[in-house]
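Read through the structure below, which is laid out as structure tokens, and then see the notes.
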Amino acid sequence: MADKEFNVPKPKEIKAYLDQYVIGQEEAKKTLSVAVYNHYKRIIHNVISDEDDGVELEKSNILMLGPTGTGKTLLARTIAKMLYVPFTIVDATVFTEAGYVGEDVESILSRLLQETDYDPKTAELGIVFIDEIDKVARKSDNPSITRDVSGEGVQQAMLKLLEGTVVNVPPYGGRKHPEQQFIQVDTRNILFICGGAFEGIERHIAQRLNTHVIGFDTSDKTKKLDKDNLIRYVEAEDIRKYGLIPEIVGRLPVITTLDPLDRKALKRILLEPKNAIIKQYSKLFELDGIKLEIDPDAIDLIVETAEKNRMGARGLRAICEKIMTDAMFRAPSSRRKTFRLTKEYAQQRLSAA
């Protein structure tokens, strides 16, 4: 990666790769493809290239909003896999302000270093996915005058990291090993992708949209709004009102949203991607020399149940586990060469679980 021959895939190539693993979410895939392409193009211009034309390109971190199970983590992980760059997922809820019980924000970089066998130069070209960023939102729109251990304080600690600074990173994760040598990591070229469900942000969006559509032609404007998916109209102002401090919002200039999954999308997720859930179960049975056959009715039942639970693609796996566990317990010991999953069998297992 440190040589000049590093080729960044074009946005269309990145999106085509994402299409193999992620169903739907066309806008999010397009936005991410462009943002990631620009990010690595910027690294080549600023770091690898010998040209000095006085133009230094700035980093554009990404914020993804969308309901649980819509593919935020999957998108980030798939892009990192395509680019062969170090990738780590961290959960924002485990961080606290320095000096409190919990993990320091710097431990984000410890995990990235672990992925690269503690090579800071490689780690500095990686991608970090910070999940549940909405959980460190402050509870009111007023700046806190007291300590907010898990909310505003954590956001303040993340600021420099997101913008780009040289951080002294404890390689083994913080305060438990005070004698360890620190490793210096420059975060200017690390791409941070933040994700969160931002439950309830629709209230702020609705308020803003209502104030914007006052006048004689309001009926046309309000008719065009997709009231079931208001999150797609999100703007930086709504995120700030939700509880992310303005400085954090400013450091996440690329904002994209993921749509809730309808029945059609859930069915495609179950069957179509390269690593589709049904393909995974077929493989598991195949390793025991058993062929898995599934009736279309059984597929429809799984999709219906997932839609009812409103847990997105993650719900599909949980439902399949409930249905398949008993069969996978018995099958390896039986002499049968085929296991057929019918709707009746699926219903029976779901009601028993």
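Structure notes:
- Of all accessible heavy-atom area on the range 253-353, the percent that carbon and sulfur account for (1.4 Å): 49 percent
- Spherically averaged projected area in nm², based on the convex hull that wraps the Cα atoms of the range 186-327: 13.4 nm²
- Shape of the range 258-353, Cα gyration tensor, a/c cut at 1.5: prolate
- Cleavage-rule hits (trypsin sites (Lys or Arg not before Pro)) in the range 235-311: DSSP loop, at most 11 neighbouring Cβ within 10 angstrom: K274
- When the listed pairs K29/K267; K274/K343; K29/K72 are checked against a 21 Å cut-off, the alpha-carbon distance exceeds it for K274/K343.
- Here is the P(r) of the range 300-353: all C-alpha pair distances, binned every 5 Å from 0, give 4, 20, 28, 23, 14, 7, 3, 1 in whole percents.
- Taking every protein chain into account, the accessible area of the range 222-268 amounts to 55 square angstrom per residue (probe 1.4 Å).
The values are calculated or read from the model by the stated rules, or taken from the named source; none is laboratory data. These numbers come from a predicted model, not from an experiment. Cβ sites come from the backbone with ideal geometry, for glycine too, and all protein chains shown count toward neighbours. Side chains are part of the model used for accessible areas, which takes the heavy atoms of the whole protein and leaves out ligands, DNA and RNA. Shrake-Rupley method; radii C 1.70, N 1.55, O 1.52, S 1.80 Å.
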